[in-house]
Amino acid sequence: MKRIVCAVDYSKNSVIALKYALAISKTLEANVLVTHIYTYPMPLELEGSYPIPGLVSDTYKEEHAKLEEFCVKHLGQDVYEMNVSMEVVEGKSVVDTIVEKADEIQAFMIVTGMKGVSLLKDLIMDNTTRQLIDKANCLVLAVPSDANYSVVKTMVYATDFDADADIEVIKKISGIAKGFGATLKVVHISTQKDYEVESQMEWFKTMLKEKVDYDKITFEIIFSEIIYESLRVYLGDVGADMVVLLEREENGFLKKIFHRDIVKKLEGYGKVPVMSFNEKNFGMFRFLDL
């Protein structure tokens, strides 16, 4: 059975993330584990010591009750009849504990809310989502608070024409697109308008069609010196419901977009959920097989 971990902290972002996780689970017939990471409250003079006797069980019960209340409030009483389970986990590191839980249940995706005025801005910061993308062995879907859930009809994948990584990722995320009946738009943004880029795209299309059996994939090249702005406009023009990015260690699309010099340009925009995966964990990625 396919599994999704939805990490919540009871914020507005968590509510939107929870709804996305549930919608994806219904579409892909997956189980959702809604989890909240907490720590035991310790008096300052006892920090570093073991929890007070009785504190462990009392805290667990309180935290679990709070999580149940949150899920019922936003998903309804029917949550107990859905493919949804709830678990609170004690952990000093929120990121490490979420990753460990995802590994434990062999989840193919972690869904989490993104705090801040801009999702794309926050992705370059050293926050929970940034670290999750670095460490997780599965997809990470970061949902901004400005997002309003709608059926996923258009997914955008930004490619660097990597025949190995890009094609393998597209092959697998096409399974998600197929589940929604969505169009998967493969886009490459180039700063140089020349024949080589266009021939690369034709070569990439040929390679992809040999390995990916999905008829709702389109291809496009955008020539622009302003990569982030071009992507932002493109997502709006095509009505993207989700953008997928493969983060690479050295060069790549994500590195170009998230250069710190353009942080100020990212403010105020963050309505499209971003599904990311880190290339360094590629070999361990538990892909979907649909």
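Between residues in region 188-206 that are under 18 Å from residue 245 (Cβ atoms) and residues that are part of a helix (DSSP H, G or I) and among the acidic types (Asp, Glu), which pairs lie under 9 Å by C-beta distance while being six or more apart or on different chains?
Sorted first by the residue in region 188-206, then by its partner, the pairs are 204/166.
For region 14-37, what are the residues that are in a strand (DSSP E or B) and surrounded by fewer than 18 Cβ atoms within 10 Å (Cβ to Cβ)?
The answer is 31, and nothing else.
Would you say residue 180 is closer than 26 Å to residue 112 by Cβ and of a type in the set (Phe, Trp, Tyr)?
yes
Step by step: first the residues of region 74-93, then only those that are exposed (fewer than 12 other Cβ atoms within 10 Å of the Cβ) and either at pLDDT 90 or above or more than 19 Å from residue 15 (Cβ to Cβ) (or both), then the one that is farthest from the chain's Cα centre (by Cα). Which residue is that? I'd like the intermediate steps shown before the answer.
Going through region 74-93, the residues exposed (fewer than 12 other Cβ atoms within 10 Å of the Cβ) turn out to be 76-78, 81, 92.
Now restrict to residues that are either at pLDDT 90 or above or more than 19 Å from residue 15 (Cβ to Cβ) (or both): 81, 92.
Details: 81: 26, 92: 23 Å.
Of everything passing the filter in region 74-93, 81 is farthest from the chain's Cα centre (by Cα).
Within the set of pairs 6 or more residues apart or between chains, which connect a residue that is at positive phi inside region 159-178 to a residue that is in a helix (DSSP H, G or I) with Cβ atoms less than 7 Å apart?
Partner pairs satisfying both residue conditions: 161/200; 161/204.
The values are calculated or read from the model by the stated rules, or taken from the named source; none is laboratory data. Not measured: the values here are computed from a predicted model. Please note: Cβ atoms are built from the backbone with ideal geometry, for glycine as well, and neighbour counts cover all protein chains shown.
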